[in-house]
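Each remark here refers to the structure printed beneath this line.
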Amino acid sequence: MKTPFSRILYGGDYNPNQWPREIWDEDMRLFKKASINSVTINVFSWAKLQPNEETYDFSQLDEIVDMLSKENYEIVLATSTGAMPAWLVKNYPEVTRVDYEGRRHKFGQRHNHCPNSLVYQKYARQLALELAKRYGSNPHVVCWHISNEYNSACYCENCEKAFRIWLRKKYGSLEAVNQAWNTEFWGHTFYDWDEIVAPNALADGMSWNESKTAFAGISIDYCRFMSDSILENYKLERDAIRSVDPDTPITTNLMGTYKGLDYFKWAKEMDVVSWDNYPAYNTPWSLTAMRHDLMRGLKGKPFMLMEQTPSQQNWQDYNSLKRPGQMRAQSWQTIAHGADTIQFFQLRRSVGACEKFHGAVISHSGSAETRVFKEVSQLGAELAALGSQTLGAENPGEVGIIFDWENYWALEYTSGPTVDLKYEAQIHQYYRYFYEHHIPVDMIPIDADFSRYKVVVAPVLYMVKEGVAEALESFVANGGTVITGFMSGIVGQSDNVHLGGYPGPLRKMCGVWAEEIDALAPGQSNTLQFADGGQSKCGLLCDILHLEGAEALAEYSEDFYAGTPAVTKNSFGKGCVYYVGTMPDHGGLEKILDNMAETAGVLPLISETTELEIVCRKIEDREYWFILNLTGKPQPAPQTFAGETDILTGSAVGGQLEPFDALLVRR
């Protein structure tokens with residue numbers, strides 16, 4: 001794989017415009033001391049660059065770019081369009097968004113624009129163009145960073161009009177719209193395009209719950225439309241830059257499993273994927289790893305870590321400090337899963353406003369003697385010594401886990417069977433098994449080339465669109481293994497049920513019929529009785545299954561459906577399909593997936609058992625093995641690597657790893 005950079009970018013968000021000039025020189029000294037080699041600038045400077053409608057003022061940005069260029073820093077140059085200037089809102093109030101409750105916002109905060117505002121589009125595009133003209137030829141500008149953390153839907157009348165145009169293109173006729181949305185329900189038939197309104201709290205959205213809707217068809221389509229609309233904002237600025245600068249990579253910072261935007265669709269328009277990683281104090285390391293793998297999977301290429309904090313967040317409920325060594329270990333985990341950059345928000349801690357307590361490389365003390373600064377410096381020295389060795393390295397795997405934003409929207413919009421059914425959590429419980437067993441995973445889209453894998457994991461594949469079942473059947477028939485289960489194969493692309501029995505178009509492949517779905521409330525459970533005599537608890541949902549060619553691996557042992565199948569395996573062509581009709585506890589799911597991995601011939605990276613995280617990246621004839629202790633307690637070093645050299649320290653691998661130790665072995 002190619003990488004757009006000649007070295008691992010190490011730096012982050014830098015806002016010298018917030019500080020007097022004499023601080024800048026001190027920053028340059030401290031950055032060098034910490035081995036920082038790149039900075040992201042101009043993220044929120046629109047008001048500074050354009051003080052009014054007619055005037056641009058690049059004098060201060062010129063000074064910043066000149067200073068950084070002379071100091072030989074790589075520059076990630078943002079377009080500043082994530083926060084509008086006050087004059088734009090004052091002169092054109094319609095540029096602000098209308099929220100789910102139907103309220104038009106005033107000037108303030110950020111990410112506050114209507115994506116379908118032609119006024120916003122005009123001024124955002126022009127600013128991006130002016131920046132490209134002025135700085136696009138500077139060789140120190142190695143990446144363009146458009147806007148910032150795109151999010152927030154808009155429900156204004158302007159978006160309603162654009163939505164109707166989008167629907168015309170998608171469906172062609174009102175008759176097709178009515179059929180797709182099942183508008184005979186509750187007498188919602190539309191006879192004119194202008195009768196269609198945005199599904200917010202004042203319309204078909206549920207006023208008490210933004211994640212629920214009376215008509216999932218219209219709400220899912222509005223998610224698709226809004227993701228497309230905001231993507232057009234990105235493309236508008238990208239194309240303006242491309243008209244001047246044909247070569248420099250262009251990105252925007254994504255947010256992991258953020259629900260609002262279809263990132264697989266977005267990634268097709270990005271040169272390189274970048275994202276902001278902000279786990280909470282209690283986020284499982286496996287979930288962070290899954291999000292990294294998802295970001296790598298968006299393009300099947302290495303990604304940029306655009307933001308992480310060197311210390312603590314400020315915006316979460318409980319903003320704990322990172323423990324000694326944790327930032328370093330977290331950074332090496334990021335590189336292990338496919339990152340070619342490590343960047344922070346922020347380099348110098350802000351003096352005021354809502355992020356003044358957000359962690360930074362340089363604290364309010366301004367000292368280089370802080371724990372955080374010393375840890376940043378240690379990591380910087382290690383990255384500088386590593387050089388470009390891992391750039392572009394791959395993370396090959398034999399397991400693909402489907403992550404699909406349309407399923408994400410549809411599953412969580414559905415009314416019933418339980419409010420506790422969450423898409424990301426269901427994907428993560430399967431991912432966690434492979435993480436704990438050191439089996440590499442690709443996070444893949446619904447239209448991926450399944451033939452690249454031995455196993456395709458498809459939990460809660462609720463929405464099965466045209467062609468998906470056929471692709472999965474072909475994969476299994478040719479020898480692949482699929483694992484799916486409850487709430488799969490239920491609806492098509494408009495959330496209308498596939499008639500004929502669950503799991504709809506997957507029924508033949510799975511060899512089961514799910515007659516009913518029992519929802520278990522918190523505190524309720526059933527028991528799985530496995531064919532080999534083992535037992536485990538299960539909960540959340542219980543499919544009441546009938547075998548149609550499959551064999552039962554486990555049965556329920558409680559309630560009126562005791563003795564009926566709960567987990568099944570079906571031979572189909574040269575391959576097989578596992579169907580998990582309930583949510584087993586951790587041990588139960590492990591038992592099922594152990595069976596599946598053995599059947600499919602999927603092997604872990606190392607044969608010995610360890611609680612350490614083990615990841616391998618490969619490039620040309622070299623392998624880079626990352627050995628990470630994220631457990632919070634000492635762990636013995638794997639015998640697999642005994643006597644080999646940790647290239648980060650030059651020491652031999654052996655003994656034990658202390659909490660947050662990170663080793664890197666090159667083979």
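The values are calculated or read from the model by the stated rules, or taken from the named source; none is laboratory data. If you're wondering where the values come from, they're calculated on a predicted model, not measured in any experiment. Please note: Cβ atoms are built from the backbone with ideal geometry, for glycine as well, and neighbour counts cover all protein chains shown. All accessible areas refer to the heavy atoms of the entire protein, side chains included, with ligands and DNA or RNA removed. Shrake-Rupley method; radii C 1.70, N 1.55, O 1.52, S 1.80 Å.
Considered as a group, the residues in segment 255-264 that are in contact (Cβ under 8 Å) with a residue 40 or more places away in the chain, touching a helix residue (DSSP H, G or I) at 6+ places or on another chain (Cβ under 8 Å) and not aliphatic (A, V, I, L, M) include one that is surrounded by the fewest Cβ atoms within 10 Å (Cβ to Cβ), and that residue is K259. Can you spot a residue in segment 267-285 that is assigned to a helix (DSSP H, G or I) and either more than 25 Å from E74 (Cβ to Cβ) or without any contact (Cβ under 8 Å) to a residue 24 or more places away in the chain (or both)? Within segment 267-285, one or more residues are assigned to a helix (DSSP H, G or I) and either more than 25 Å from E74 (Cβ to Cβ) or without any contact (Cβ under 8 Å) to a residue 24 or more places away in the chain (or both). The residues in segment 130-165 that are open to solvent by less than 20 Å² (accessible area, probe 1.4 Å) and not small (G, A, S) can be counted, and the count is 13.
Of all positions in segment 450-462, at least one carries a residue that is of a type in the set (A, V, I, L, M, F, W, C), assigned to a strand (DSSP E or B) and over 20 Å from the mean Cα position of the chain (by Cα). Pairing residues of segment 583-609 that are farther than 14 Å from Q529 by Cα with residues that are of a type in the set (S, T, Y), at Cβ distances under 7 Å and at least 6 apart in sequence or on separate chains, gives E590/Y433; L593/Y433; M596/T481; M596/Y578; T599/T481; A600/T481; I606/T640; E608/T640. Comparison of L231, L294 shows that the only residue that is farther than 29 Å from N158 by Cβ and not in a loop (DSSP other than H, G, I, E, B) is L294. In this structure, is L545 outside any strand (DSSP E or B) and either among the hydroxyl-bearing types (S, T, Y) or modelled with pLDDT of 95 or more (or both)? Judged against the criteria, L545 is not a match.
Residues in segment 119-133 that are of a type outside the set (D, E, K, R) and over 21 Å from L261 (Cα atoms): V119, Y123, Q126, L127, A128, L129, L131, A132.
For segment 212-235, filtered to residues that are buried (at least 17 other Cβ atoms within 10 Å of the Cβ) and farther than 25 Å from P445 by Cα, the residue that is farthest from the chain's Cα centre (by Cα) is F215.
Which of the residues spanning segment 315-367 are within 19 Å of L383 (Cα to Cα), open to solvent by 10 Å² or more (accessible area, probe 1.4 Å) and not in a loop (DSSP other than H, G, I, E, B)? Answer for segment 315-367, where residues must be within 19 Å of L383 (Cα to Cα), open to solvent by 10 Å² or more (accessible area, probe 1.4 Å) and not in a loop (DSSP other than H, G, I, E, B): Q326, R328.
The combined condition, being among the acidic types (D, E), within 20 Å of H113 (Cα to Cα) and at pLDDT 95 or above, is fulfilled by E232.
Scanning segment 570-582 for residues that are buried (at least 16 other Cβ atoms within 10 Å of the Cβ) and either without any contact (Cβ under 8 Å) to a residue 40 or more places away in the chain or in a strand (DSSP E or B) (or both) yields N570, F572, G575, C576, V577, Y578, Y579, V580, T582. V372 satisfies every condition listed in (1) assigned to a loop (DSSP other than H, G, I, E, B); (2) β-branched (V, I, T); (3) open to solvent by 20 Å² or more (accessible area, probe 1.4 Å) except (1). I'm trying to understand the selection: among the residues of segment 133-167, which are at pLDDT 95 or above, part of a loop (DSSP other than H, G, I, E, B) and not hydrophobic (A, V, I, L, M, F, W, C)? Within segment 133-167, G136, S137, N138, P139, H140, S147, N148, E149, Y150, N151, Y155 qualify.
Please verify whether L383 is within 30 Å of D646 (Cα to Cα), open to solvent by less than 20 Å² (accessible area, probe 1.4 Å) and out of contact with any Pro (no Cβ under 7 Å at 6 or more places or on another chain), treating the condition exactly as stated. When the stated conditions are applied, L383 passes them.
Which one of I220, I241, I230, I250 is in contact with a Pro (Cβ under 8 Å, 6 or more places away or on another chain) and at negative phi? Just a single option satisfies the conditions, and that option is I230.
Matching residues to (1) in contact (Cβ under 8 Å) with a residue 60 or more places away in the chain; (2) not polar (S, T, N, Q):
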| site | (1), (2) |
| --- | --- |
| M443 | yes, yes |
| V468 | no, yes |
| S474 | no, no |
| N478 | yes, no |
| T484 | yes, no |
